[in-house]
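The values are calculated or read from the model by the stated rules, or taken from the named source; none is laboratory data. Bear in mind the structure is a predicted one, so any value in this text is a computation, not a measurement. Side chains included, ligands, DNA and RNA excluded: accessible areas come from the protein's heavy atoms. Shrake-Rupley method; radii C 1.70, N 1.55, O 1.52, S 1.80 Å.
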Amino acid sequence: MNQTLKHKIFSFIKKPLIIAVLFFVFTLIEIYWAMGSFSDKPSSACLDCSFFDDAYLMTLFSTVFLSIVFLALSFIKNSTLKVILQLLILISVWFFWNYTIFVDRESSWSTYLFKEEIMYTLEFSFLPISILSLVTIFTLNYISRKL
């Protein structure tokens with residue numbers, strides 16, 4: 001294969017690949033940081049499923065979804081609007097997964113109201129999501145400018 005063709009293919013897939021790896025790593029870290037205290041509790045949906053299996057699948061789904069959405073958002077020229085949308089989408093996805101884990105591994109075994117589930121999820125998720133979402137968006141935009 002021609003060296004220039006290899007270089008063109010690599011430079012074409014480099015940005016999406018780096019974005020996907022970034023989302024994968026930070027999502028996995030966020031899930032373990034926020035919901036790791038439930039890792040020893042059984043899943044109500046699948047008694048044989050480990051916390052790692054759930055976190056890994058959630059991370060894979062998030063990586064694909066967020067990579068596609070963020071590549072589409074890269075066409076927005078207004079950088080402030082783009083960063084706000086990126087933060088809102090990332091926070092929403094991560095909070096959804098944290099809520100899912102909380103319901104699956106904690107509240108389904110007890111009697112929580114919906115409002116209590118949201119509040120407990122927010123309590124466990126606030127710090128990890130706040131810190132990691134800012135770091136992720138900063139890193140993503142820094143890398144995107146360099147590429």
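Does T111 qualify as being outside any helix (DSSP H, G or I), open to solvent by 70 Å² or more (accessible area, probe 1.4 Å) and polar (S, T, N, Q)? Yes, satisfied.
What do you reckon, is N78 at pLDDT below 95 and among the polar types (S, T, N, Q)? Yes, satisfied.
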